[in-house]
Structures are given as C-alpha cells and as structure tokens.
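Here's the structure we're looking at; comments come further down.
Read-outs throughout are calculated quantities, based only on the coordinates presented, and are distinct from any laboratory measurement. Note that this is a predicted model, so its numbers are computed, not measured. Because the Cβ atoms are built from the backbone with ideal geometry, glycine has one as well, and the counts that use them run over all protein chains shown.
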C-alpha cells in the first residue's frame, strides 16, 4: 500500500487511513464517514473548509490545494468542527483535476 500523493498524478486517494500503515500490517480504512481526531494544525476558522490530497506528504491532507503543473486536485474531506477534538467528514471524491502546464 502506498500513500496517495497529489504531486504524483498516478496516486489519487481511494480511501483514508487515519492511523497510517506500513506494508504487511493491518489498518483501518475509511471510504467515508465522520472521523474524530487530534485537532493539531486546525483552527475554528477551518470549520466548513475542504481538505485536499497533499502534494507534499504522501497519505496526508492539506488545507491548500496543490498548484504545481501535473499535480492533481482531489477533495478528500471537510472540516466539520474544531474544539478539543476535530470532527472531519471523510468523503474521498473519486474525481480529480490534473493541472497541466499553460501553453
């Protein structure tokens, strides 16, 4: 299993693994639903905002969509609430947009 990565347009996300995983280990996979997690890196101003597949770190989400040529923009979740824990609505969108160079 390889982490999805927006900088590699052959590695779109098909599920979400909140605990991370390595080859040969078992893991919990989400196709969708509400995930409660540590709110580190999120603030209440993020509530309602989309999370995108990260171009910097495989298997991670980012508040900022990728912008480099040949990256893919794929919505993976929406921030619902940020308090002592964060509630994230996981909804891996199978569709994505690939950014192509201008010209």
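Results, tabulated for the structure shown:
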read-out: Packing rank of 68-75, 82-89, where each peptide gets the mean count of other beta carbons within 10 Å, highest leading; value: 68-75, 82-89
read-out: Likely footprinting exposure, 52, 15, fewest C-beta neighbours within 10 Å first; value: 15, 52
read-out: Evaluated at q = 0.14, 0.17, 0.23 Å⁻¹: base-10 log I(q)/I(0), Debye formula over Cα of the chain; value: -0.53, -0.76, -1.24
read-out: Taking region 1-98 and dividing mean pair separation by its residue count, relative contact order in percent (alpha carbons under 8 Å, at least six apart); value: 34 percent
